[in-house]
Each structure stands twice: as structure tokens, then as C-alpha cells.
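Derivation of every value follows stated rules applied to the coordinates shown; laboratory data play no part. Note that the coordinates shown come from a computational prediction; the quantities given were computed from them, not determined experimentally.
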Amino acid sequence: MPYYLYQVAYTPEAWAVQVKQPENRIEVIHPVIEGLGGRIEGGWLSFGDYDVVLIIHMPDNAALAAFAIAVAASGAIRTANTTPLLTISEGMDAMNRAAAAGYRPPGG
């Protein structure tokens, strides 16, 4: 099952609700992720461009897309970013395949 880095920035309105009624959002989304066949590896609040960072293990791209669409449709986020992640083993396999692919750059 692939891993994904999922980053979310809340709207000011969503932050206002959370300040009034603090809630562990990981506990809220946990059953949603599980219902799509995945699991949360970890979640953090963060500083900078994104407010929340998750590492999610999902069965495929469509499952992660379904989650991302549901979150976006809620109106609680102003932006999100999804990054597919490779394990080190998968990265090594990709590098070996790239070496064997025989790609020739323009003019090369």
C-alpha cells in the first residue's frame, strides 16, 4: 500500500471553530481513512504554509483522492497538498530501473 504526505491549511473560519471547541481532528478522520481502506501513520500540527501534516497509508491513489475530495468539499480548508511517498526500497528499485531504461537526453 502506498504512503502519502498530506498537508492541509485551514480556513480562518475553521480555526475559529477549533479555538472555541478544540478537537483532536486525527480522532475524527481516523474512521474516514479506515473506511477507505487506509490508516494514519502519524499526524502533526505544523507552522508555515500548512497547518496539519499527515502521513497516510492508503490502498491506492483513488482512495487517497476520495479522502482529499471529501476534505476539500467540507469547506474547512483553504489549500491542501498531496505528495506520494516511496519507501527507500521502492526508491532504490526506481533508481535501478532508471539506470536500465537507457534514456538519452536531447543531443546526447
* To do: Find the all-direction average of the projected area of the Cα convex hull for segment 3-101, expressing the result in square nanometres with one decimal place.
  => 7.4
* Between the helical axis of 61-73 and the dominant principal axis of the chain, each derived from Cα atoms, what acute angle in degrees is found, rounded to the nearest 10? -> 30
* Separation between Cα centres of segment 85-105 and segment 41-55, rounded to whole Å -> 29
